[in-house]
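Asks: Got a structure here, written out as structure tokens. Questions coming.
The values are calculated or read from the model by the stated rules, or taken from the named source; none is laboratory data. Keep in mind it's a predicted model, so treat the numbers as computed, not measured. Note that we place each Cβ from the backbone using ideal geometry, even for glycine, and neighbour counts take in every protein chain shown. Each accessible area value is taken on the protein alone, full model and side chains, heavy atoms only, with ligands, DNA and RNA left out. Shrake-Rupley method; radii C 1.70, N 1.55, O 1.52, S 1.80 Å.
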Amino acid sequence: MKVLVPVKRVLDYNIKARPKADGSGVELSGLKMSMNPFDEIAMEAAIRFKEAGQASEIIAISCGTQACQETLRTALALGADRAILVETDEALQPLAVAKLLKVLVLREQPGLVICGKQAIDDDANQTGQMLAALLGWAQATFASRIELGSDRASVTREIDGGLETLSITLPAVITTDLRLNEPRYATLPNIMKAKKKPLETLTPADLGVDVTSRLTLLKVAEPPARQGGIKVNDVAELLDKLKNEAKVI
Amino acid sequence: MTILVVAEHDNQHLKAATRHVLAAAQAIGGEIHLLVAGQHCAAVAESARALSGVGCVLLAESDVLDSAGAECMADLVLSLARNYTHLLAAASASGKNWMPRVAALLDVAQVSDIVRVDAPDTFTRPIYAGSVWATVHSEDAIKVITVRATAFEAVAETGGSARLEKVDAAPDTGLSRRIHLALNDSSRPELESARVVVSGGRGLGSAERFSALLEPLADKLNAALGASRAAVDSGYVPNDYQVGQTGKIVAPDLYIAVGISGAIQHLAGMKASRVIVAINKDPDAPIFAVADYGLVGDLNQVVPALTSAL
Ligand SMILES: Cc1cc2nc3c(=O)[nH]c(=O)nc-3n(C[C@H](O)[C@H](O)[C@H](O)COP(=O)(O)OP(=O)(O)OC[C@H]3O[C@@H](n4cnc5c(N)ncnc54)[C@H](O)[C@@H]3O)c2cc1C
Ligand SMILES: Cc1cc2nc3c(=O)[nH]c(=O)nc-3n(C[C@H](O)[C@H](O)[C@H](O)COP(=O)(O)OP(=O)(O)OC[C@H]3O[C@@H](n4cnc5c(N)ncnc54)[C@H](O)[C@@H]3O)c2cc1C
């Protein structure tokens, strides 16, 4: 079966985001961008299915500006067979991304879509679920283990209070949690080879999808700051502060 | 405005998060209905009638709702959605799972994880691991929202006298089915609603030391146990202990971070706590920048001393 992996270009997780001076958005210019860490996990899962002979082809998709090509090249270097960029300068919201992905799913007919559970920039945690709903497919979010059968998959999910295992019908959308696997790094020869792999560029108009958003960003701002406190010298002083100053114990 | 809040419960008890989501609904204003959906959960619905501010409790019971997954739950909420201006659920593992399906099928945006209601159509939510707060305005006719429970004071458990109505659950889609459930032993308070949280990181070094040092401390304080991602990944504790951007968001009265460096992804999950204590041997650890009381020292000495002094 074909596996489709949507990958998002985001601010690198090591960089602390700051609002632009005029509060119109987050400052991204000149900062390091990387593949969303959850999407690296999704890529790794797809590659392992291919290595095990359970997946025939891996297609990486990114929706966004031309710069997303870089993220797709990373996906190709990791092991995707080909890539699709849906190029737009519009700020895309999860529903718009899900609609774009839906059209590509109908075209490519994959047996499985593996998304990250959330993108670490907008932290929306919506796209995979929305895609599953638009397709009328089963979903299994926050996966920490996936066993693929021919027409069903069994997926262990991280939920409040523990773990649950679902049996879902295929095709389906699965979203990855942190403990699904440890993603590999791209090797230099594979990075070179990736440059020759096919990367198709489409626009939302080509796919017939209106990506205008009905959410407007009014402003972004620093959250209320927390005052740093004091250092105490020993356990006795700590207990005294907790009892008499903070009055929490 | 009429608001539908979807209750979080385990078919026996209402979870505390529900009362916090109701508070967000009150901040929006208007008539509030509460949906209790599950399997044999009539008692939960009955007790929810007393919640402050709720006008009507809707009860949907079916044998599949509990185990049939997000597809069924989303279909149920969707079948009620057109009667409401706002749909609210907690941004918990459950709400995050099915709510986006509802939004997609209504063809509206979802506003995830709100921490503030600025107006009935304007909400503030953290992005980038909480480094930045974004204020967004929604033009959709039905606003689909998940709520960060810790950001809103819970409504009172009593004082209300809501009417009770039964509604039909959606039929099983057959798309997914739970085949196994492994819940962790829950003798401790729930992480998200505990008054005190004791959290451990990689500094604990092993599962054995995590439990030998932190369990007695948590016992003395009647605290929930939490952890950093590094502690979970190293197998010291189960996954649902993880606090942070991609784990649980907590805001207890007292958060004690032991052997945790204070990575931004961890801080995202606990920096709204009222009082933060950090115990770390590295005086420059970033956790001290958010701690009200920092103690520089070896946790192997400090923690037992603290436990026995309590
Ligand atoms: C109010 C608001 C303002 C915004 N402003 C801007 C802005 O100024 N600039 C800007 O660039 N964006 C902006 N965005 C868009 C935003 O950053 C996200 O791209 C969008 O909301 C998707 O959310 P998410 O990535 O958190 O989705 P999630 O649902 O958390 O993503 C989950 C998974 O879906 C897949 N996925 C998500 N997006 C893509 C994608 N684009 N391509 C391929 N796969 C994907 C990945 O597998 C990802 O792991 C804004 C969004 C909102 C709501
Ligand atoms: C996509 C993504 C999502 C993430 N999500 C989360 C999340 O939700 N939650 C989360 O926590 N992390 C998350 N992380 C990981 C995060 O970046 C850090 O790696 C993690 O929080 C570090 O855990 P730690 O503080 O326990 O370990 P470390 O950073 O290794 O810190 C250990 C600390 O223990 C101290 N120590 C060691 N020995 C002793 C001793 N004997 N006495 C006292 N102190 C001692 C050290 O000085 C050090 O400060 C995420 C990362 C990514 C990329």
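Asks: List the number of the failed condition for residue A:42; all other conditions in (1) assigned to a helix (DSSP H, G or I); (2) more than 16 Å from ligand 2 (Cβ to nearest atom); (3) open to solvent by less than 30 Å² (accessible area, probe 1.4 Å); (4) closer than 30 Å to residue B:145 by Cα hold.
Replies: (2)
Asks: Please go through the stretch A:45-54 and give me each residue that is surrounded by 15 or more Cβ atoms within 10 Å (Cβ to Cβ) and away from ligand 1 (no atom under 13 Å from the Cβ), ordered by number.
Replies: A:47, A:48, A:49, A:50, A:54, listed by residue number.
Asks: Anything in the stretch A:108-160 that is within 16 Å of ligand 2 (Cβ to nearest atom), open to solvent by 10 Å² or more (accessible area, probe 1.4 Å) and within 17 Å of residue B:178 (Cβ to Cβ)? List them, or say none.
Replies: A:144, A:158, A:159, A:160
Asks: Also, I was wondering about something else. Within the stretch A:1-39, track down each residue that is more than 10 Å from ligand 1 (Cβ to nearest atom) and in a helix (DSSP H, G or I).
Replies: none
Asks: Let me ask something else. Give the residue that is farthest from ligand 2 (Cβ to nearest atom), with candidates limited to residues of the stretch A:50-105 that are closer than 17 Å to residue A:28 by Cβ and in a helix (DSSP H, G or I).
Replies: A:69
Asks: Same structure again: Can you tell me which residue in the stretch B:269-301 is farthest from residue B:131 (Cα to Cα), limited to those that are surrounded by fewer than 17 Cβ atoms within 10 Å (Cβ to Cβ) and near ligand 2 (Cβ under 6 Å from one of its atoms)?
Replies: Result: B:300.
Asks: Give me the residue from the stretch B:217-230 that is open to solvent by 50 Å² or more (accessible area, probe 1.4 Å), away from ligand 2 (no atom under 16 Å from the Cβ) and assigned to a helix (DSSP H, G or I) and, out of that set, nearest to the other protein chains (Cβ to nearest Cβ).
Replies: Among them, the one singled out is B:220.
Asks: Then there is this: Mind checking which residues of the stretch B:49-69 are under 29 Å from residue B:176 (Cα atoms) and either in a strand (DSSP E or B) or away from chain A (no Cβ under 14 Å) (or both)?
Replies: B:57, B:58, B:59, B:60, B:61, B:62, B:63, B:65, listed by residue number.
Asks: Only residues that are in contact with a strand residue (DSSP E or B) (Cβ under 7 Å, 6 or more places away or on another chain) and surrounded by fewer than 22 Cβ atoms within 10 Å (Cβ to Cβ): list them for the stretch B:118-131, please.
Replies: B:118, B:121, B:122, B:124 - these are the residues of the stretch B:118-131 that are in contact with a strand residue (DSSP E or B) (Cβ under 7 Å, 6 or more places away or on another chain) and surrounded by fewer than 22 Cβ atoms within 10 Å (Cβ to Cβ).
Asks: Under 9 Å between Cβ atoms, at least 6 apart or on separate chains: pull out the pairs that start in the stretch B:178-203 with a residue that is within 9 Å of chain A (Cβ to nearest Cβ) and end on any residue that is exposed (fewer than 14 other Cβ atoms within 10 Å of the Cβ) and in a loop (DSSP other than H, G, I, E, B).
Replies: B:195/B:222; B:196/B:222
Asks: Looking at residue B:193 and the list (1) within 16 Å of ligand 2 (Cβ to nearest atom); (2) in a loop (DSSP other than H, G, I, E, B), which single condition is not satisfied?
Replies: Condition (1) is where residue B:193 drops out.
Residue by residue, here is whether (1) within 18 Å of the chain's Cα centre (by Cα); (2) within 30 Å of residue B:66 (Cα to Cα); (3) among the β-branched types (Val, Ile, Thr) holds:
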position: B:150; (1), (2), (3): yes, yes, yes
position: B:177; (1), (2), (3): no, yes, no
position: B:183; (1), (2), (3): yes, yes, no
position: B:190; (1), (2), (3): yes, yes, no
position: B:197; (1), (2), (3): yes, yes, yes
position: B:200; (1), (2), (3): no, no, no
position: B:214; (1), (2), (3): no, no, no
position: B:229; (1), (2), (3): yes, yes, no
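Asks: Just checking, which of A:188, A:199 is open to solvent by less than 50 Å² (accessible area, probe 1.4 Å), more than 16 Å from ligand 2 (Cβ to nearest atom) and among the aliphatic types (A, V, I, L, M)?
Replies: On the way: A:188 fails: open to solvent by less than 50 Å² (accessible area, probe 1.4 Å).
After applying the criteria, what remains is A:199.
Asks: Name the single residue, out of those in the stretch B:231-261 being among the hydrophobic types (A, V, I, L, M, F, W, C) and in a strand (DSSP E or B), that is farthest from ligand 2 (Cβ to nearest atom).
Replies: B:254
Asks: Of all residues in the stretch B:70-95, count the ones that are facing chain A (nearest Cβ under 7 Å) and at pLDDT 95 or above.
Replies: The qualifying residues number 1.
Asks: A follow-up question, please. Give the stretch A:1-20 a look and list any residue that's away from chain B (no Cβ under 13 Å), more than 14 Å from ligand 2 (Cβ to nearest atom) and open to solvent by 50 Å² or more (accessible area, probe 1.4 Å), or say none.
Replies: Scanning the stretch A:1-20 gives A:1, A:2, A:9.
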